[in-house]
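First the structure, in the form of structure tokens, and then the observations on it.
The values are calculated or read from the model by the stated rules, or taken from the named source; none is laboratory data. Computed from a predicted model, the values in this text were never measured in an experiment. Methodologically, a virtual Cβ is constructed for each residue, glycine included, from the backbone with ideal geometry; neighbour enumeration extends over all protein chains shown. Heads up: the accessible areas ignore ligands, DNA and RNA and are worked out on the full protein's heavy atoms, side chains in. Shrake-Rupley method; radii C 1.70, N 1.55, O 1.52, S 1.80 Å.
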Amino acid sequence: MPVKFRDTININDSYTFPSADGTASQAIITDGAGTLSFSAVSDGQTVKIECKNTSGSTITKGTPVYVTGTVGSSFRVEVAPADASNSAKMPAVGVLETDLAHNGEGYAVTGGLLKNLTTDPIDSTNTASNDTIYVKAGGGLTMTKPTGTNLIQNIGKVGRVNSSNAGSIVVSSI
């Protein structure tokens, strides 16, 4: 006979399962102190780090970010948009996997495939697979290699070229 629960499941007064479903490709994980939550499971195509946006505004998916600190005693890093024209905001550690509101937590992809974003054009330049992408002066991505006093950081390559949200970038941040 199947067992059904109407609310939450509590095991040994130590673990309480989340009351809401996760999304596709998520699994239940623990923080080591009994708190269970849903988290993305790596598909083997990306390397990513946990991060928190402390920039003061929303940072959009695909934006290169740099480390500004850590979240308390955790291993999560605080991030803000990288800027090739400001050495204090470089180098970029990766690009955001999703949009993050101020104080929102998520992931920065440091290596591998970042999917489902517009890759043609990037910074008003048409792209082709294997084109090099740089951190832009002022923030964001550009196809134009920075010059003058601007810092040069190759953040990756164009993977799939697409003018809607079906493109990809092969990230190789540092």
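Quick notes on this one:
- Only a single item in (1) in contact with a Pro (Cβ under 6 Å, 6 or more places away or on another chain); (2) not in a strand (DSSP E or B) is not met by Gly138, and it is number (1).
- Qualifying positions in region 91-128 - over 15 Å from Asn53 (Cα atoms), in contact with a strand residue (DSSP E or B) (Cβ under 6 Å, 6 or more places away or on another chain) and of a type in the set (A, V, I, L, M, F, W, C): Leu113, Leu114, Leu117, Ile122
- Residues satisfying the criterion are absent from region 4-16 (criterion: hydrophobic (A, V, I, L, M, F, W, C), modelled with pLDDT of 65 or more and open to solvent by 70 Å² or more (accessible area, probe 1.4 Å)).
- Annotation: Leu151 fulfils all but one of (1) crowded, with 18+ Cβ neighbours inside 10 Å; (2) outside any loop (DSSP other than H, G, I, E, B); the unmet one is (2).
- Scanning region 60-90 for residues that are more than 19 Å from Asn165 (Cα to Cα) and in contact with a strand residue (DSSP E or B) (Cβ under 9 Å, 6 or more places away or on another chain) yields a total of 21.
- Residue count for region 54-77 under the criterion of being free of Cβ contacts under 8 Å to residues at least 40 places away in the same chain and either in contact with a Leu (Cβ under 9 Å, 6 or more places away or on another chain) or open to solvent by less than 50 Å² (accessible area, probe 1.4 Å) (or both): the result is 6.
- Looking only at region 154-171, residues that are in a strand (DSSP E or B) and buried (at least 16 other Cβ atoms within 10 Å of the Cβ) come to 9 in all.
- Applying the criterion of being open to solvent by less than 30 Å² (accessible area, probe 1.4 Å) and among the small types (Gly, Ala, Ser) to the residues of region 94-139, the residue that is farthest from Gly62 (Cα to Cα) is Gly104.
So that you can scan it fast, the table gives a plain yes or no per residue for (1) open to solvent by less than 70 Å² (accessible area, probe 1.4 Å); (2) modelled with pLDDT under 95; (3) in a strand (DSSP E or B):
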position: Ser39; (1), (2), (3): yes, yes, yes
position: Lys52; (1), (2), (3): yes, no, yes
position: Val79; (1), (2), (3): yes, no, yes
position: Ala92; (1), (2), (3): yes, no, no
